[in-house]
Amino acid sequence: MYKLRHLLIIGICTLVLTVACSRPPDSSKSDKQTLVSSESCRIVQHEMGETELCGKPQTVAALSPHILDSMLALGVQPVAYAEAENLNIQTYDNPKEQIPYIGKWVTTQPGGLGDRKNPSLERLALVKPDLILGEKWLSKEEYPFLTQIAPTLLFSDKGSDGQQSWQEDIEGIAKALGKTAQVRELLAGFSKQIAQTKAALQPVLQKYPRVFLMTSNLTTYVDSSPKSTTGRLLQKIGFEIVRPEGIEDDTKISWEIIPQIETDIILVLSWSDDNFSNPEDGLRKKWAQNPLLNSMPVFQQGRVYFVDYQLWGSNIRGPLADRLILEALPDLLLDSVKNENSA
């Protein structure tokens, strides 16, 4: 295994050097130098240290959904993209359909880089981006090879409380992209939408303020998820996020514990290994067929909701994902009071 990996690394290095050396003499080099000299350079801090960048990058590779979301919200399109899972897509030639939820904002046809934790260095080298942006979970072994392809900055959106939030790294990403002026607008827009959603959900907040958030797949996995993207947004709106007594956050729990949880609403963040194919529909049917779960008053009263983890969990967790969730929450949760009034 070591020998195979060693040969692979040598091959990647060879490819990177070949691509670099095969570039024709850059007749525009002097023009580029003039452009850079006319724009201030900046030092950007990130998880791997500091990187100096000059000018605004023209071709940027996004190594995760979170990075792509933040880039798009700042008005920057990707030249290449790595998804949450390897979808075996060489080119995202129909991003609206191929990239869940935020693909409708993609106007380019980015090259596919595989999955976010193991992006294809070979494809990156061929794409020749000006800048590579990713998250800190990329291995330290891969990082030096990424930096040989283009300046590479890795960010973390996790705060001191362990909660992930795009507000934690948006300024660094914006600085890398030369888009710092857009950050204030994003933050103001977020605060405005929180206020609007809170106003719309007042009937639910007054009647059913407690929400239990859980993540589950179609088989056996169940996880308490108070620190998910949805949990963060619901707390900002004013809901109380319920936690199972004696169980730590983001910890696997058994199905038997769920009926014991005192809550007014349950939100099930549903996922599957089948490439994001509407897992909430399958989990809703499974819940309805389970005597332990379908006998719960909160379920019988129509206050168990099933949503897609890809958006509502922590895969994307950027400004655009927040916008979509906040837009969807009133339609989703107001049903609880509508059903009660019509009963």
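Filter region 158-168 for residues that are at pLDDT 95 or above and not polar (S, T, N, Q); which is nearest to Ala321 (Cα to Cα)?
By that ranking, first place goes to Trp166.
Of these, Asp264, Asp308, which one is modelled with pLDDT of 90 or more, surrounded by 13 or more Cβ atoms within 10 Å (Cβ to Cβ), under 17 Å from Tyr208 (Cβ atoms) and not assigned by TED's automatic domain parsing to the domain that holds Gly134?
Values: Asp308 fails: under 17 Å from Tyr208 (Cβ atoms).
Of the residues listed, the single one that is modelled with pLDDT of 90 or more, surrounded by 13 or more Cβ atoms within 10 Å (Cβ to Cβ), under 17 Å from Tyr208 (Cβ atoms) and not assigned by TED's automatic domain parsing to the domain that holds Gly134 is Asp264.
Among the residues of region 46-70, which ones are surrounded by fewer than 23 Cβ atoms within 10 Å (Cβ to Cβ) and either under 11 Å from the mean Cα position of the chain (by Cα) or acidic (Asp, Glu) (or both)? Let's see the steps before the verdict.
Taking region 46-70 first, the residues surrounded by fewer than 23 Cβ atoms within 10 Å (Cβ to Cβ) are 46-59.
Passing the criteria: Glu47, Glu50, Glu52.
When the residues of region 101-146 are filtered to those that are of a type in the set (A, V, I, L, M, F, W, C) and within 17 Å of the chain's Cα centre (by Cα), which remaining residue is surrounded by the fewest Cβ atoms within 10 Å (Cβ to Cβ)?
Step one: of region 101-146, the residues of a type in the set (A, V, I, L, M, F, W, C) are 102, 105-106, 113, 121, 124-127, 131-133, 137-138, 145-146.
So of that shortlist, the ones also within 17 Å of the chain's Cα centre (by Cα) come out as 102, 105-106, 113, 132-133, 137-138.
Working: Ile102: 23, Trp105: 17, Val106: 21, Leu113: 28, Ile132: 29, Leu133: 30, Trp137: 12, Leu138: 22.
Ranking the qualifying residues of region 101-146, first place goes to Trp137.
Can you name every one of the helices (runs of 4 or more DSSP H) wholly within region 1-92 that holds 3 or more residues which are at pLDDT below 50 and outside the structural domain of Leu126 (by TED's automatic domain parsing)? Spell out how you get there, then give the answer.
Details: elements: 2-22, 29-38, 65-73.
Ranges flagged: 2-22, 29-38.
Within region 186-195, identify whether any single residue is surrounded by fewer than 15 Cβ atoms within 10 Å (Cβ to Cβ), closer than 24 Å to Asp331 by Cβ, modelled with pLDDT of 95 or more and within 16 Å of the chain's Cα centre (by Cα), and answer yes or no.
No, region 186-195 contains no residue that is surrounded by fewer than 15 Cβ atoms within 10 Å (Cβ to Cβ), closer than 24 Å to Asp331 by Cβ, modelled with pLDDT of 95 or more and within 16 Å of the chain's Cα centre (by Cα).
For Ala73, work out the one condition from (1) in contact with a strand residue (DSSP E or B) (Cβ under 9 Å, 6 or more places away or on another chain); (2) among the hydrophobic types (A, V, I, L, M, F, W, C); (3) surrounded by 24 or more Cβ atoms within 10 Å (Cβ to Cβ) it doesn't fulfil.
Unmet condition: (1).
Kindly provide the set of residues from region 155-171 that are surrounded by fewer than 21 Cβ atoms within 10 Å (Cβ to Cβ) and of a type outside the set (Ser, Thr, Tyr), ordered by number. Write out each step before concluding.
Step one: list which residues in region 155-171 are surrounded by fewer than 21 Cβ atoms within 10 Å (Cβ to Cβ), which gives 156, 158-165, 167-168, 171.
Those that are surrounded by fewer than 21 Cβ atoms within 10 Å (Cβ to Cβ) and of a type outside the set (Ser, Thr, Tyr): Lys158, Gly159, Asp161, Gly162, Gln163, Gln164, Gln167, Glu168, Glu171.
The values are calculated or read from the model by the stated rules, or taken from the named source; none is laboratory data. Small disclaimer: the values here were computed from a predicted structure and weren't measured. Positions of Cβ are backbone-derived with ideal geometry, glycine not excepted, and every protein chain shown enters the neighbour counts.
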